[in-house]
There are 2 protein chains.
Amino acid sequence: MAPRTARLSAQDWTRGALDLLMAEGVAALQINRLCADLGVTRGSFYWHFADLTELEAAVAERWCEETRERLDQLAELDRLPPRERLRIMTLHLIDDASWSVERALREWARSTPQVAAVVGESDQHVFELVERAIVELGHDPTVARTRAGLLVYAGIGFAHGQSTLPKPTEADVDQLLDFLAEPAS
Amino acid sequence: MAPRTARLSAQDWTRGALDLLMAEGVAALQINRLCADLGVTRGSFYWHFADLTELEAAVAERWCEETRERLDQLAELDRLPPRERLRIMTLHLIDDASWSVERALREWARSTPQVAAVVGESDQHVFELVERAIVELGHDPTVARTRAGLLVYAGIGFAHGQSTLPKPTEADVDQLLDFLAEPAS
DNA sequence: GATGAACCATACATAGGTGTACGGTTTGGA
DNA sequence: TCCAAACCGTACACCTATGTATGGTTCATC
């Protein structure tokens, strides 16, 4: 992306690795490939990292931090009314590119327990936020649990769809939230 | 799984490859690994297939067929009332192991357009089945589209969750379908 | 029971990826 | 200005996975 002007730091490598993950998936996470992207040779890599697994650990760690920050920002939505909160989270999921990292991470999580743990924690956190919002809308916990599960799973599914399925518009989201917010019959 | 008694056919290889995909993902789809599973050496593989991509094509083709059959079975649910239809499809998704193949295939689809096409087609078909069922429940097309999208995306998400998130019980599914079936306010 | 095709094992050659060794260049500070 | 550390390039060894060549087994069939 940004033309390389100076020398690289470890952060530049983890940044590049995350970009690669987003763009081409775990299979593309190779040293040579990364060096090509960063315009540098293998010697540079092995100065910053002992080996590939050390880079992978650093990448996982970094994504973990970024995700935590992102979730903290979401937590600050607490001041907003619950309906608006859900709306922001959903729209954020749809048009942001964040899900493309998430997809790669979930793929990666399959073969790396450390990554799987972070992804699971993140899912759990989002689920709780959504569940709480629905409770605040006036539903009892059982209903909230069901509807939160539905929405969160749908979010994960959307991130993985890449799909021939229709991408929801903003109007669709509003209709969806009307639906999720409505009282049980 | 089944002890190998006789010599292998091409179908045995595609079967083994699908098993491998299910169990360990695309990264494990290697000739040596497959030979070990089937208790045979590379010489056998290269008698049945010209190279790896030919096997991959055969595997994709086979999954395509199996999926089509599965969808045809779903289509036969047309005789059942729509509510029961949705119930069967949802329960089928939850406790069947079929989603573990699907997850691997979606992962694979990312790097193989041919596979992506098949997955997309399958998604589309399921979506239409669900949408139609909801229309038959008495909803107008706009509502049906939203709710069908929600349910199908949630299904995909569930398949990819592998997750710390709660796995819905049969009672949860019934509550969920009550919710999806209820008239718009 | 002999024969050709189907099926498999073994032994290479090759390519691409990781990791190591070491020398060269850039940079900040004494 | 000069030096030590930070940073990078180059060359090499190694391992693993693919693909090829070739010969050996097994099976059906006459």
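The numbers here are math on the coordinates, done by the rules we state, and not lab data. Quick caveat, the model's predicted, so the values are computed rather than measured. Glycine also receives a Cβ, built like all others from the backbone with ideal geometry; neighbour counts cover every protein chain displayed.
Just one of (1) within 14 Å of chain A (Cβ to nearest Cβ); (2) more than 12 Å from the chain's Cα centre (by Cα); (3) over 24 Å from B:E170 (Cα atoms) fails for B:Q114. It is (1). Condition first: within 22 Å of the chain's Cα centre (by Cα) and more than 8 Å from DNA strand D (Cβ to nearest atom). Now tell me which residues in segment B:35-53 satisfy that. Result: no residue meets the conditions. For segment A:35-43, the condition of being within 16 Å of A:T112 (Cβ to Cβ) and among the β-branched types (V, I, T) holds for none of the residues.
Within segment B:38-49, residues that are over 20 Å from B:L18 (Cβ atoms) reach no partner that is of a type outside the set (A, V, I, L, M) and surrounded by fewer than 17 Cβ atoms within 10 Å (Cβ to Cβ) with beta carbons closer than 6 Å at six or more positions or on different chains.
B:G155 passes every criterion in (1) at the interface with chain A (Cβ under 7 Å from one of its Cβ atoms); (2) within 30 Å of A:Q114 (Cα to Cα); (3) without any contact (Cβ under 8 Å) to a residue 60 or more places away in the chain apart from (3).
Of all residues in segment B:96-136, those that are acidic (D, E) and over 17 Å from B:Y153 (Cα atoms) total 2. For segment A:98-111, a residue qualifies if it is under 12 Å from the mean Cα position of the chain (by Cα) and either of a type in the set (S, T, Y) or within 13 Å of A:E61 (Cα to Cα) (or both), and the qualifying residues are A:S98, A:S100, A:L105. Among the residues making up segment A:1-55, those that are surrounded by 14 or more Cβ atoms within 10 Å (Cβ to Cβ), of a type in the set (V, I, T) and part of a helix (DSSP H, G or I) are A:T14, A:V26, A:I31.
Remark: A:V26 falls outside the filter, which requires a residue to be free of Cβ contacts under 8 Å to residues at least 40 places away in the same chain and β-branched (V, I, T). Looking at B:A28, is it more than 14 Å from chain A (Cβ to nearest Cβ) and either more than 16 Å from DNA strand C (Cβ to nearest atom) or farther than 13 Å from B:W13 by Cβ (or both)? No: the conditions fail for B:A28.
Picking from residues in segment B:39-80 that are farther than 27 Å from B:R110 by Cα and in contact with a helix residue (DSSP H, G or I) (Cβ under 8 Å, 6 or more places away or on another chain), the one that is farthest from DNA strand C (Cβ to nearest atom) is B:L80. Quick check, is B:R15 of a type outside the set (S, T, N, Q), away from DNA strand D (no atom under 16 Å from the Cβ) and more than 30 Å from B:I134 (Cα to Cα)? Yes, satisfied. If you go through segment A:118-150 and keep only what is surrounded by fewer than 21 Cβ atoms within 10 Å (Cβ to Cβ) and within 9 Å of another protein chain (Cβ to nearest Cβ), you end up with A:G120, A:E121, A:Q124, A:T142, A:V143, A:R145.
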